[in-house]
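The values are calculated or read from the model by the stated rules, or taken from the named source; none is laboratory data. Everything numeric here is computed off the predicted structure, so don't read it as measured data. Neighbour counts run over all protein chains shown; Cβ positions are idealised from the backbone, glycine included.
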Amino acid sequence: MTANILDYGAVPDGQTLCTGAVQAAIDTLSASGGQVLIPAGRFLCGSLRLRSNIDLHLEQGAVLISSIKQEDMIDFSKDFEDDNADTGWEGGCFLFAMHEKNISITGEGTIDGQGRELFYDDDRDGGLHECPLAVRGFRPRMSFLEDIENLTVSGVTFYDSAFWTLHMAGCRDVLIDNIRILNNERGPNNDGIDPDCCTNVLIRNCIIRAGDDAIVLKTTAPMAKKYGECKNIVIQGCSIRSHSSALKLGTETWADIHHVIMSDCILEDCTRGFSIWSRDGGDIHDITIHHINGNTRGYSSSLRGGDGVVVWWGSGEPIFLSATKRAGADRLPGKIFNIRMDHLYMTCEGSITIAGEDYSPISHIRINDSEFIYKLQSSHLPEYLDETPSERGCYKHELPCIYIRCCEDIKYQSDLTVDDSLKEVFKKKEIVE
């Protein structure tokens, strides 16, 4: 069965609020299942609640526009408790589903988050136009999909999200295939894809442009209590550009993350390539990364407190592994172990960083058959080790090609070449502390 939203009163002018019409089409098919058709045109809506056995299908030329008014949004997190401010649960979401199964979002149309209405440039970096944009007002997620079994997202374009784009929490048996996420590359918190406490996820053939992390696996506090670990994840064949990490595990790690494969991806001008952050007690282990090609670089940022600490996290590290406490937190991070990397070909500005603590050492790390070329690509020389967010923060430090702290059983067999542009920075191949 198919329900065309025009038959339910939707107006394709991009200004009339069509929430009721689109929700009526979804609810009509909720018993039998079928396809909710978004035809060519521009449709403005508040939060839409997806139901089981529904395919939300956007035809070519269809644009589903998220309202950015608080009164139009579902406050899905009003009962969540989380002491990590970085998660940013407030703000509601546009596409919402909870405790459902067999949901698809498909087609050749576009879902528009209207981030441009909430971001603005206050020229904090002196005209280089690289620092994070300033933010005004209420910012909804583009989606929050919780406890969905058999979720498919295919073909569609997610455009200009104001906050996290595709947030899946406690979902199982997920296919994300051939989608585009085209967000503002200076937009704060506009992550691409966030599997949070999910199991059996395949992400492939995607193009992602974002200011924040492109693909990031998490176990946030509220979701970890409900669904536990994040595991059995495959990411392959993606093209990524980000002012943060391209491929990331953490920072929120309240439960374990394990058995993950990331491969065959192209990274373009990312602040960090592959990164693991243990902060909240969960272990991260049995991770494989192979056949990654691209570059990492730093970006100019505004300053915090006038002390030179940058707003963007990182300064061009191709690999960043970090297990340390959050600032002001009593809990210890989990362990990072059994990480295998090979066939990485990266031009970079920052150190390969593998940094644990006495209370949380990092162990059994392998980097083989890889090449790293250290070459200046940005407007300033790197000079910081940045472990933000943590009690160490961001601080000046002598930079080697590889920085190792509180680690066990670290082995690498890779070519490290320093270009003339960074020979005064990277004077040492390795520093072990």
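Which residue is farthest from residue 91 (Cα to Cα), if the candidates are limited to region 190-229 and must be assigned to a loop (DSSP other than H, G, I, E, B) and touching a Gly at 6+ places or on another chain (Cβ under 6 Å)?
205
Are any of the residues in region 53-64 of a type in the set (D, E, K, R), at pLDDT 95 or above and in a helix (DSSP H, G or I)?
Taking every residue of region 53-64 in turn, none turns out to be of a type in the set (D, E, K, R), at pLDDT 95 or above and in a helix (DSSP H, G or I).
Just to be sure, is residue 155 buried (at least 22 other Cβ atoms within 10 Å of the Cβ), at positive phi and either over 17 Å from the mean Cα position of the chain (by Cα) or β-branched (Val, Ile, Thr) (or both)?
No: the conditions fail for residue 155.
Taking only pairs six or more apart or across chains, which ones have beta-carbon atoms under 8 Å, a first residue in region 27-45 that is more than 21 Å from residue 11 (Cβ to Cβ), and a second residue that is part of a strand (DSSP E or B) and hydrophobic (A, V, I, L, M, F, W, C)?
Correct list of pairs: 30/54; 33/54; 34/3; 34/54.
Of the residues in region 68-85, how many are part of a helix (DSSP H, G or I) and at pLDDT below 90?
1
Taking region 293-308 as the region of interest, how many residues are modelled with pLDDT of 50 or more and of a type outside the set (D, E, K, R)?
Going through region 293-308 one residue at a time, the tally reaches 9.
For (1) of a type outside the set (Val, Ile, Thr); (2) at negative phi; (3) within 11 Å of the chain's Cα centre (by Cα), each residue gets a yes or a no:
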| site | (1), (2), (3) |
| --- | --- |
| 203 | no, yes, no |
| 208 | no, yes, yes |
| 218 | yes, yes, yes |
| 230 | yes, yes, no |
| 235 | no, yes, no |
| 242 | yes, yes, yes |
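Taking the conditions exactly as written (among the small types (Gly, Ala, Ser) and within 19 Å of the chain's Cα centre (by Cα)), does residue 137 satisfy them or not?
no
Go through the residues of region 238-250 one by one and say whether even a single one is surrounded by fewer than 24 Cβ atoms within 10 Å (Cβ to Cβ) and either part of a strand (DSSP E or B) or in contact with a helix residue (DSSP H, G or I) (Cβ under 6 Å, 6 or more places away or on another chain) (or both).
Scanning region 238-250, I find at least one residue that is surrounded by fewer than 24 Cβ atoms within 10 Å (Cβ to Cβ) and either part of a strand (DSSP E or B) or in contact with a helix residue (DSSP H, G or I) (Cβ under 6 Å, 6 or more places away or on another chain) (or both), so the answer is yes.
Here's a check for you: in region 121-152, which residue that is of a type in the set (A, V, I, L, M) and crowded, with 17+ Cβ neighbours inside 10 Å is modelled with the lowest pLDDT?
133
Tally time: how many residues in region 8-50 are crowded, with 16+ Cβ neighbours inside 10 Å, more than 20 Å from residue 114 (Cα to Cα) and among the charged types (D, E, K, R)?
Summing the residues that are crowded, with 16+ Cβ neighbours inside 10 Å, more than 20 Å from residue 114 (Cα to Cα) and among the charged types (D, E, K, R) in region 8-50 gives 0.
Does region 175-189 hold any residues that are in contact (Cβ under 8 Å) with a residue 40 or more places away in the chain and either under 13 Å from the mean Cα position of the chain (by Cα) or part of a strand (DSSP E or B) (or both), and which are they?
183, 185, 187, 188, 189
Are there any strands (runs of 3 or more DSSP E) wholly within region 86-172 with 3 or more residues that are out of contact with any helix residue (DSSP H, G or I) (no Cβ under 8 Å at 6 or more places or on another chain) and among the β-branched types (Val, Ile, Thr), and if so which?
Hits in region 86-172: 93-107, 141-154.
Restricting to region 198-220, name every residue that is among the basic types (Lys, Arg), surrounded by fewer than 24 Cβ atoms within 10 Å (Cβ to Cβ) and closer than 18 Å to residue 174 by Cα.
If the condition is that a residue be among the basic types (Lys, Arg), surrounded by fewer than 24 Cβ atoms within 10 Å (Cβ to Cβ) and closer than 18 Å to residue 174 by Cα, then 204 is the only one that fits.
Please count how many residues of region 269-300 are assigned to a strand (DSSP E or B) and either within 15 Å of the chain's Cα centre (by Cα) or small (Gly, Ala, Ser) (or both).
9
Considering only residues that are over 20 Å from the mean Cα position of the chain (by Cα), under 16 Å from residue 365 (Cα atoms) and of a type in the set (A, V, I, L, M, F, W, C), which ones fall in region 320-338?
Passing the criteria: only 337.
Would you confirm whether or not region 371-384 contains a residue that is assigned to a strand (DSSP E or B), crowded, with 20+ Cβ neighbours inside 10 Å and at pLDDT 95 or above?
yes
Against the conditions (1) hydroxyl-bearing (Ser, Thr, Tyr); (2) farther than 30 Å from residue 84 by Cα; (3) in contact with a Cys (Cβ under 9 Å, 6 or more places away or on another chain); (4) surrounded by fewer than 14 Cβ atoms within 10 Å (Cβ to Cβ), where does residue 359 fall short? Just the number, please.
Condition not satisfied by residue 359: (2).
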